[in-house]
Amino acid sequence: MIRIIKVTNCIWRNANHTQRLSASALRFSTSNVKDRYYTEKHEWIDVKDNIGTIGISDYAQDALGDVVYAELPSVGTEVKIKEECGALESVKAASELYSPVSGKVVEINSQVETRPALINQSCYENGWLFKLELSSLEEIPNLMNEEQYAEFIKQDHS
């Protein structure tokens, strides 16, 4: 459950830094948020605390077909929102990966590099791609929630 707190600004602290958050970003700062957010390029992010797990949507993996190669960003790489940060290749297409938010790569799913078919088999569970320490929670409200993404896909195919 998302709890919305009415304040203008709040200080958010973690072990590495302090940051001011607007009221719109506060609703994404709780550790029990389980919603997934999407980009127009079909990447998803699941945010827990200050870490975002990133992958591609079921729609994207289905459109790509059987994924045979995954190029992921290196741990320690700083990425910006909407910046190209990797690539996926399938038997019928190649696609760039774009970061849904800004941050520092803290983990990659090395299983996906050795077994890219995991993306097709389980894009939301075992087929995630990489994890970021978010630079700012302010970027999350600009992404689509699951309902908005479903509508976006529907409109894309009308």
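The values are calculated or read from the model by the stated rules, or taken from the named source; none is laboratory data. Please read these numbers as outputs of a predicted model, since none were measured by experiment. Here the Cβ is made from the backbone with ideal geometry for all residues, glycine too, and neighbour counts use every protein chain on show.
Values computed for the structure shown
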read-out: Selection within the stretch 106-158 - surrounded by fewer than 15 Cβ atoms within 10 Å (Cβ to Cβ) and basic (Lys, Arg); value: LYS154
read-out: Candidate set from the stretch 30-47 (those that are out of contact with any helix residue (DSSP H, G or I) (no Cβ under 7 Å at 6 or more places or on another chain) and surrounded by 17 or more Cβ atoms within 10 Å (Cβ to Cβ)); member that is farthest from TYR98 (Cα to Cα); value: VAL33
read-out: Number of the condition not met by SER102 [criteria: (1) among the small types (Gly, Ala, Ser); (2) over 19 Å from ASP46 (Cα atoms); (3) touching a helix residue (DSSP H, G or I) at 6+ places or on another chain (Cβ under 8 Å)]; value: (2)
read-out: Contacts under 8 angstrom Cβ, first residue in the stretch 44-67 being within 14 Å of GLU125 (Cα to Cα) and of a type in the set (Ser, Thr, Tyr), partner at pLDDT 95 or above and not in a strand (DSSP E or B), 6 or more apart; value: THR53/TRP128; SER57/HIS42; SER57/CYS123; SER57/TYR149
read-out: Selection count, the stretch 40-59, where residues are touching a Lys or Arg at 6+ places or on another chain (Cβ under 8 Å) and polar (S, T, N, Q); value: 1
read-out: Filter result (surrounded by 21 or more Cβ atoms within 10 Å (Cβ to Cβ) and of a type in the set (Lys, Arg)) within the stretch 48-74; value: none
read-out: Close pairs from the stretch 92-110: first of a type in the set (S, T, N, Q), partner part of a loop (DSSP other than H, G, I, E, B), Cβ under 6 Å, at least 6 apart; value: SER99/GLU83; SER102/LYS80; SER102/ILE81; SER102/SER135; ASN109/TRP128; ASN109/LEU129
read-out: Search result, residues across the stretch 148-158 that are at pLDDT 95 or above and farther than 12 Å from SER57 by Cβ; value: GLN148, GLU151
read-out: Single condition SER95 does not satisfy, out of (1) in contact with a Leu (Cβ under 9 Å, 6 or more places away or on another chain); (2) surrounded by 13 or more Cβ atoms within 10 Å (Cβ to Cβ); (3) over 20 Å from TYR59 (Cβ atoms); value: (3)
read-out: Options LEU88, LEU137, LEU129: the member that is under 16 Å from the mean Cα position of the chain (by Cα), under 14 Å from TRP44 (Cα atoms) and not acidic (Asp, Glu); value: LEU129
